[in-house]
Amino acid sequence: MMTIAIIGSGNVGGALAQRFIEVGHTVLVGARFPLSEKSIKLATKIGEDRFTSPARAVAQAEVIVLATPAMKTIEAVQELGDTTGKVIIDTMNTVRGMGPAGFSNTTDAILANTATHDVVKCFNTTGFENLLNPQYGEQAADMFVAGDSQWGKTVATQLAREIGFAECYDLGGNDKFTLIEQLALSWITLALFQGYGRGMAFAVLKR
Ligand SMILES: NC(=O)c1ccc[n+]([C@@H]2O[C@H](COP(=O)([O-])OP(=O)(O)OC[C@H]3O[C@@H](n4cnc5c(N)ncnc54)[C@H](OP(=O)(O)O)[C@@H]3O)[C@@H](O)[C@H]2O)c1
């Protein structure tokens, strides 16, 4: 079992915190104090004793999940303390150009501003409701991961399967960070702008 620090306690951070606890991991939430309404809402579900500062959560964890607004990427990673030897899973997306200044995607900004090289992008390609429950009838949705870190991809893939995704497809290395954000933008476009609604998810068919 892993100790996981979740930074950002909103829709995505809250959903992943709940599911990782349900499947048996130790979860700490690195939050801002005084706790926001979002953090308090999550604390009522998972317990306030899990909430601490980002640096304290990271110090105790082997895996860090980043789920803050993309615009706040650099600000958020500067609060993490020493990330050497830890895996960072980036769940964020630059939507409508609102991302970290000077970077085309959030994961490159994390890599440029942290000590660890084990940074992968995962859990970003679908809505938070699907993170809470990826099951659609008999079939489960698929997840996707990208990054150069094989260890990071192994960890993200294990977590994705544990919380109920059928498969976690490897899209490639760090050069695919923008591609995997585009996959998220495709989900957002279909769900929100083309009228299919948030109750939809991607699954790969194979012969
Ligand atoms: N919503 C989705 O369905 C979805 C799906 C996939 C990926 N994503 C991506 O996931 C990310 C989070 O989305 P969300 O919907 O979960 O957002 P959200 O509900 O607005 O939550 C954002 C969280 O980030 C925290 N935060 C903001 N600025 C921070 C900072 N400087 N340092 C530390 N924490 C900070 C907020 O803290 P406070 O509570 O203290 O304000 C809040 O808990 C975004 O990049 C989004 O593109 C979203």
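Annotations for the structure displayed:
- Scanning the stretch 170-185 for residues that are out of contact with any Lys or Arg (no Cβ under 6 Å at 6 or more places or on another chain), within 16 Å of the ligand (Cβ to nearest atom) and not small (Gly, Ala, Ser) returns Leu171, Thr178, Leu179, Glu181, Gln182, Leu183, Leu185.
- Options Arg56, Arg96, Arg19, Arg50; residue that is at positive phi and of a type outside the set (Gly, Ala, Ser): Arg96
- Residue check, Ala15 within 9 Å of the ligand (Cβ to nearest atom), in contact (Cβ under 8 Å) with a residue 12 or more places away in the chain and under 21 Å from Asp90 (Cβ atoms): yes
- Applying the criterion of being in contact with a Lys or Arg (Cβ under 8 Å, 6 or more places away or on another chain) and free of Cβ contacts under 8 Å to residues at least 60 places away in the same chain to the residues of the stretch 55-83, the residue that is nearest to the ligand (Cβ to nearest atom) is Val58.
- Thr157 vs. criteria surrounded by 21 or more Cβ atoms within 10 Å (Cβ to Cβ) and either more than 26 Å from Met71 (Cα to Cα) or of a type outside the set (Phe, Trp, Tyr) (or both): no
- The set of residues from the stretch 112-153 being more than 16 Å from the ligand (Cβ to nearest atom), in contact (Cβ under 8 Å) with a residue 40 or more places away in the chain and among the hydrophobic types (A, V, I, L, M, F, W, C) comprises Ala140, Trp151.
- Among the conditions (1) in contact with a Pro (Cβ under 6 Å, 6 or more places away or on another chain); (2) modelled with pLDDT under 95, the only one that Ser104 does not satisfy is (1).
- Residues that are at positive phi and under 19 Å from the mean Cα position of the chain (by Cα), drawn from the stretch 163-207: Gly164, Gly172
The values are calculated or read from the model by the stated rules, or taken from the named source; none is laboratory data. Keep in mind that this is a model prediction, so the values were computed, not measured. Here Cβ is always computed from backbone atoms with ideal geometry, including for glycine, and neighbour counts include all displayed protein chains.
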